[in-house]
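Each reported figure results from applying straightforward, stated rules to the coordinates on display, with no laboratory input. None of these values were measured; they are calculated from a predicted model. With ideal geometry, Cβ positions are generated from the backbone for all residues, glycine too; neighbour counts draw on all protein chains shown.
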Amino acid sequence: MSEEQDQQDRTEQPTPKRVREAREKGQVPRSRDLQGAIVVGAAALAFSMFGSSLAEETLQWLHGSLNEAVSMGAQLDAQKLPGFFTRGLITALLVISPVLLATVVGAILGPMLVGGWNISLKAMAPDFKRMDPVKGIGRIFSLNSLAELGRSLLKFFLIAGIALIALWQMAPDLLALARTIEGTGLPRAFFSVSWIFIVLTLALLLVGAIDAPYQIWQNLRKLRMTRQEVQDELKETEGRPEVKSKLRSLQQSIARGRMMEAVPDADVVVVNPTHFAVAISYKPGRMNAPVVVAKGMDEVAAKIREIAAEHKVPILSAPPLARVLYRSVDLEQEVPAGLYTAVAQVLTWVYQLKRWRPGTGRPPVPPTVDLPADWQRKDAEWQKRWQ
């Protein structure tokens, strides 16, 4: 499949995971034109700020180097030549150090404008696939390469044209430098150089303003995905359905085990009597309201009743209350304020039952729990849906 055909199949926008992996591989949008504009602009700024001092230090360097060369010419010593050139080179680097420092700062800050900082070890590793000569020839003669060549030529002619126009306008001043005296000619030369840099910076900024959005679009285009790739990534990220089902089942089993451990410490279990079972706990002083510590339907409800009977936890048959508690209250959550009265009736019976002792009369009669009207309507609606 050709590169163009493969790109046509990629119709989906890249996912955040795809973009993150691309950055790890060093694939981020870069605008060399905008970065070049920043570097040249930094040099222009340095020339504008330090032009006069650079000219003065350059003159001192030239005078010192020429005087030393003249003195060496009188008594030429080959052993002194390396030291002479080394000192001259170090002095020259110190003279132009502001410009060098500005260009280094521009080269460091330039990439932050498009793509941001990104250090990738994977991008430094050799890619042997790109060494395939057949694929290399295919890339050279591809539509993308032809488009890139056209863009490069347009940028070259644009920048060269602007530079030639600037030089043409400044030609009289540049030619006049040859007739100026030594002390004033060099500062004027540095001033002219700074203006040339400024003009080049504006030209590069113009090109970079066009190139930067194109590079961002091109990078996103390369990262686009097929529908199948998006689906595969979704499965990989969220887990395959069979694995998710197994994990969900395991989580439910663990939660059910913890829930069953709370039943022996419950104060009462309210049942339907067969379909629903809800265990309630209330510790005065430690709880603001009664809390549902366990609940379940059918087999789970039967298990709750079995554990409650085994640990002698009171079991009360109150079908409407059991149904609304099961459907409206989550585990470890407090009973709603609208059910306080109904639950208080149940807990009162539980406390009476705990104080009762055989031989002291008849045991407390289980209460008939009445729900408020609004909860009765909710229970009736749920019953209709259930049926």
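Here is how the numbers come out for the structure above:
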item: Theoretical FRET efficiency, 1/(1+(r/R0)^6), r = Cβ-Cβ of LYS354 and ARG385, R0 45 Å, to 0.05; result: 0.75
item: Calculated FRET efficiency for the pair ALA373/HIS275, C-beta based, R₀ 25 Å, to 0.05; result: 0.60
item: Net charge contributed by nearby residues that have their C-beta within less than 9 Å of ALA277 (K/R +1, D/E -1); result: +3
